[in-house]
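Peer 1: Just dropping this structure here.
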Amino acid sequence: MSVLDKVLSLRPGNVVARMGPGSRVPVLDPRELLRALESTPAALPCLPVPSKGMLPGLLRAARAEDAVLGLACPHPLADRGAPERFVTAVRAAAVEAEHTRPLFLQAGPVRVTSTDADVLDAMQEGLFRVVDAGFALVSLELSRLTTYEAVEAVNALVGPLMERELSLELSAPQAPAGAGLLDACGTLLEGLSQWKVPLRFLRVSEAQLGDGDLDVGLLRQVVELAHARGVAVTVGDLSAGAPRGLSSYVAAGVRKVDCGGPFGPLALRAWPPEARAQVGARAQAAGMPAGELLSMVEEGLPPLTPTARETLEALAFAEATEVLAALGARRSATHAMTFLAKAGGDLG
């Protein structure tokens, strides 16, 4: 059995059901990649896909850097078909490129804004669709809830993930800066432990780690707090523009970084001015960045011209290459696959 065949045997059941047993694309649960890269100075890179036209460029970057890669569907609950369309697009792009390096697919962050039973029931139904579509990681954004509300909401939502033994990521709930963040994270982790909710990643935002400058000491404390519970730390919500301080996150023990900042504006520029204006107006009304809204409305926009699509692929490639290098992800794919293929690698 080849290395790839051994790695393919580790795909979650929902991935196999969606991709097909004959698929040769190693889409894994990120927990396997955490194990494989535990001894390396690297963090798992997770890149949003505001436009599906970026996928070939992102996959080419992963091949060029020999890197593991996470791809995030920013708004998987935008409509009933969003999760399946995203996974279908990833599968098609990966098959066309004959991509055989490890990938993981993240749904979200999904904003949780209420503990109302009807709202949570509807969200849980959406999460079942996400799981059925083939995502192995769901990220929930809890910053509008208090810590106790967050625990209540998560406990009501995690059924679809626990049934399939898939990975869960949670953001820190409402908290003031500094020590307040540590208190909120500690209370959240304790509450989840009492309810026996398995958490894979604790997500903190760039803004929570310092006003303009990274508070490395605070980040290390968050990492130590989470590690004591067997939880890895994600840094997300990076500011727009070139990635800043990514190597500092890795040095502080962060195991996953969501590099969303530059990719939304980059994707939006591929459309002509009138389309950008339309998206911008809708985004302003919704109170969200235009690049982020693009992932929800792309299906209703005019298709990109071949030239615009080629340019978008090239720009996505360049931006992703920079991110992967900064996170120490070069050659992480070969390292991970070698580890995962070894018999007795403590897999499960």
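Peer 1: Working only within segment 289-327, note down all residues that are buried (at least 22 other Cβ atoms within 10 Å of the Cβ) and of a type in the set (S, T, N, Q).
Peer 2: Across segment 289-327, the qualifying residue is only 295.
Peer 1: Taking the condition of being open to solvent by less than 20 Å² (accessible area, probe 1.4 Å), outside any loop (DSSP other than H, G, I, E, B) and in contact (Cβ under 8 Å) with a residue 24 or more places away in the chain, how many residues in segment 153-185 meet it?
Peer 2: Step one: of segment 153-185, the residues open to solvent by less than 20 Å² (accessible area, probe 1.4 Å) are 153-154, 157-158, 160-161, 166-173, 180-181, 184-185.
Next, from what is left, pick out any that are outside any loop (DSSP other than H, G, I, E, B): 153-154, 157, 160-161, 167-171, 180-181, 184-185.
So of that shortlist, the ones also in contact (Cβ under 8 Å) with a residue 24 or more places away in the chain come out as 153-154, 157, 160-161, 167-171, 181, 184-185.
Summing the residues that are open to solvent by less than 20 Å² (accessible area, probe 1.4 Å), outside any loop (DSSP other than H, G, I, E, B) and in contact (Cβ under 8 Å) with a residue 24 or more places away in the chain in segment 153-185 gives 13.
Peer 1: Tally the residues that are of a type in the set (Gly, Ala, Ser) and in contact (Cβ under 8 Å) with a residue 60 or more places away in the chain, restricting the search to segment 3-42.
Peer 2: 5
Peer 1: Moving on to the next point. So which residues in segment 95-117 are over 22 Å from the mean Cα position of the chain (by Cα) and either under 26 Å from residue 292 (Cβ atoms) or open to solvent by less than 60 Å² (accessible area, probe 1.4 Å) (or both), if there are any at all?
Peer 2: 114, 115, 116
Peer 1: Of all the residues that make up segment 57-84, how many are surrounded by fewer than 22 Cβ atoms within 10 Å (Cβ to Cβ) and out of contact with any strand residue (DSSP E or B) (no Cβ under 9 Å at 6 or more places or on another chain)?
Peer 2: Summing the residues that are surrounded by fewer than 22 Cβ atoms within 10 Å (Cβ to Cβ) and out of contact with any strand residue (DSSP E or B) (no Cβ under 9 Å at 6 or more places or on another chain) in segment 57-84 gives 9.
Peer 1: Then there is this: Given the conditions (1) open to solvent by 10 Å² or more (accessible area, probe 1.4 Å); (2) touching a residue at least 40 places away in the same chain (Cβ under 8 Å), report the number of the one that residue 45 does not fulfil.
Peer 2: (1)
Peer 1: State which residue pairs qualify: first residue buried (at least 20 other Cβ atoms within 10 Å of the Cβ) and inside segment 245-261, second residue among the basic types (Lys, Arg) in any location, beta carbons under 6 Å apart, and separation of 6 or more residues or different chains.
Peer 2: As it stands, the answer is 252/220, since those pairs meet every condition given.
Peer 1: In contact with a Ser or Thr (Cβ under 7 Å, 6 or more places away or on another chain), open to solvent by less than 30 Å² (accessible area, probe 1.4 Å), in a helix (DSSP H, G or I) and in contact (Cβ under 8 Å) with a residue 12 or more places away in the chain - does that describe any residue in segment 339-347? Give the steps one after another, and end with the answer.
Peer 2: From segment 339-347, those in contact with a Ser or Thr (Cβ under 7 Å, 6 or more places away or on another chain) are none; that's our starting set.
No, because not a single residue in segment 339-347 is in contact with a Ser or Thr (Cβ under 7 Å, 6 or more places away or on another chain), open to solvent by less than 30 Å² (accessible area, probe 1.4 Å), in a helix (DSSP H, G or I) and in contact (Cβ under 8 Å) with a residue 12 or more places away in the chain.
Peer 1: Taking segment 186-207 on its own, how many of its residues are open to solvent by less than 60 Å² (accessible area, probe 1.4 Å) and at pLDDT below 90? Spell out the reasoning first.
Peer 2: Of the residues in segment 186-207, the ones open to solvent by less than 60 Å² (accessible area, probe 1.4 Å) are 186-189, 191-193, 197, 199, 201-206.
Filter again for at pLDDT below 90, leaving 206.
Looking only at that region, the number is 1.
The values are calculated or read from the model by the stated rules, or taken from the named source; none is laboratory data. These numbers were taken from a predicted model, which means no experiment stands behind them. Using ideal geometry, Cβ is built from the backbone for each residue, glycine included, and neighbour counts are taken over all protein chains shown. Please note that ligands, DNA and RNA were not included when accessible areas were found on the heavy atoms of the full protein model with its side chains. Shrake-Rupley method; radii C 1.70, N 1.55, O 1.52, S 1.80 Å.
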